[in-house]
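What follows is one structure encoded as structure tokens, with my remarks underneath.
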Amino acid sequence: MVAEEIFDVCDAQDNVIGQAPRAEVHAQNLLHRAVHIWVFNTSGEPLVHRRSMTKDQYPDCFTSSASGHVDAGEDYQTAAHRELQEELGLSGDLEFIVKLPAGAHTAFEHTVLYALRTNATPQPNSDEIASIAYEPVGEVIEDVNLHPDRYTPPFRELAIWWDEHQS
């Protein structure tokens, strides 16, 4: 039997105030930490992935190239490198983009976005990812605005931030 993940529980300022199992964190909407990585190809298009139907939250929704929770005691950058490797088999120099505060709009996750620019071919983990595609960023943002329910809440917030600050 696999042990349940343990997350740091945080306050609104992202200070760790305790730890709890994944199921409890999600059931009680406790504030916790997550990372998102947008992988860009040489044309500047981000890789978007559709989540597996077996995911416990937001199955079959589109999200960042790679994303995941920060484990208890782990820092954001370490988690980002781990998730990138686990989900896409990629590694490289990550660029910090933005940190969004936790709330209902981000699924109660303090959300840090990193970017990776690479020509490497992703190797999606089929347990996590149903499909991947590089899409022009403008088309992704337009689709998020037209069909928000197709996307995970943190990805929607990151796309809105990107549209307001990077366009």
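The values are calculated or read from the model by the stated rules, or taken from the named source; none is laboratory data. Note that the structure is a prediction, hence the values are computed from the model and not measured. Ideal geometry is used to build each Cβ from the backbone, glycine not excepted, and the neighbour counts take in all protein chains shown.
Scanning for something under 17 Å from residue 45 (Cα atoms), over 13 Å from the mean Cα position of the chain (by Cα) and among the aliphatic types (A, V, I, L, M), does the range 75-89 turn up at least one residue?
Looking for residues that are under 17 Å from residue 45 (Cα atoms), over 13 Å from the mean Cα position of the chain (by Cα) and among the aliphatic types (A, V, I, L, M), one finds none in the range 75-89, hence no.
Determine whether residue 137 is in contact (Cβ under 8 Å) with a residue 12 or more places away in the chain, over 14 Å from residue 38 (Cβ atoms) and among the β-branched types (Val, Ile, Thr).
no
Being in contact with a strand residue (DSSP E or B) (Cβ under 8 Å, 6 or more places away or on another chain), of a type in the set (Ser, Thr, Tyr) and more than 26 Å from residue 29 (Cβ to Cβ) is the requirement here; does residue 118 meet it?
Numbers: in contact with a strand residue (DSSP E or B) (Cβ under 8 Å, 6 or more places away or on another chain): yes; of a type in the set (Ser, Thr, Tyr): yes; more than 26 Å from residue 29 (Cβ to Cβ): yes.
Yes.
Say whether the condition of being among the hydrophobic types (A, V, I, L, M, F, W, C) and under 20 Å from residue 5 (Cβ atoms) is met by at least one residue in the range 38-52.
Checked against the condition, which is being among the hydrophobic types (A, V, I, L, M, F, W, C) and under 20 Å from residue 5 (Cβ atoms), the range 38-52 yields no hits at all.
Can you find a residue in the range 69-79 that is more than 23 Å from residue 166 (Cα to Cα), exposed (fewer than 14 other Cβ atoms within 10 Å of the Cβ), out of contact with any Phe, Trp or Tyr (no Cβ under 6 Å at 6 or more places or on another chain) and charged (D, E, K, R)?
yes
Of 33, 51, which residue is among the charged types (D, E, K, R) and under 14 Å from residue 106 (Cα atoms)?
33 is the lone residue from the list that is among the charged types (D, E, K, R) and under 14 Å from residue 106 (Cα atoms).
Select from the range 150-160 the residues that are assigned to a helix (DSSP H, G or I) and under 19 Å from residue 68 (Cα atoms) and list them in ascending order.
Matches in the range 150-160: 150, 153, 154, 155, 156, 157, 158, 159.
Considering only residues that are of a type in the set (Phe, Trp, Tyr) and either assigned to a helix (DSSP H, G or I) or at pLDDT 95 or above (or both), which ones fall in the range 31-90?
From the range 31-90, those of a type in the set (Phe, Trp, Tyr) are 38, 40, 58, 62, 76; that's our starting set.
Passing the criteria: 38, 40, 62, 76.
When only residues in the range 132-142 that are outside any loop (DSSP other than H, G, I, E, B) and over 18 Å from the mean Cα position of the chain (by Cα) count, which is surrounded by the most Cβ atoms within 10 Å (Cβ to Cβ)?
That would be 142.
Return the residue satisfying two criteria in turn: it lies in the range 26-68 and is more than 20 Å from residue 98 (Cα to Cα), touching a residue at least 40 places away in the same chain (Cβ under 8 Å) and aliphatic (A, V, I, L, M), and of such residues it is surrounded by the fewest Cβ atoms within 10 Å (Cβ to Cβ).
So the residue we want is 53.
In the range 1-30, what residues are among the β-branched types (Val, Ile, Thr) and assigned to a loop (DSSP other than H, G, I, E, B)?
2
Please verify whether the range 118-131 includes one or more residues that are among the β-branched types (Val, Ile, Thr) and either loosely packed, with under 14 Cβ neighbours inside 10 Å or within 26 Å of residue 6 (Cα to Cα) (or both).
Checked the range 118-131: at least one residue is among the β-branched types (Val, Ile, Thr) and either loosely packed, with under 14 Cβ neighbours inside 10 Å or within 26 Å of residue 6 (Cα to Cα) (or both).
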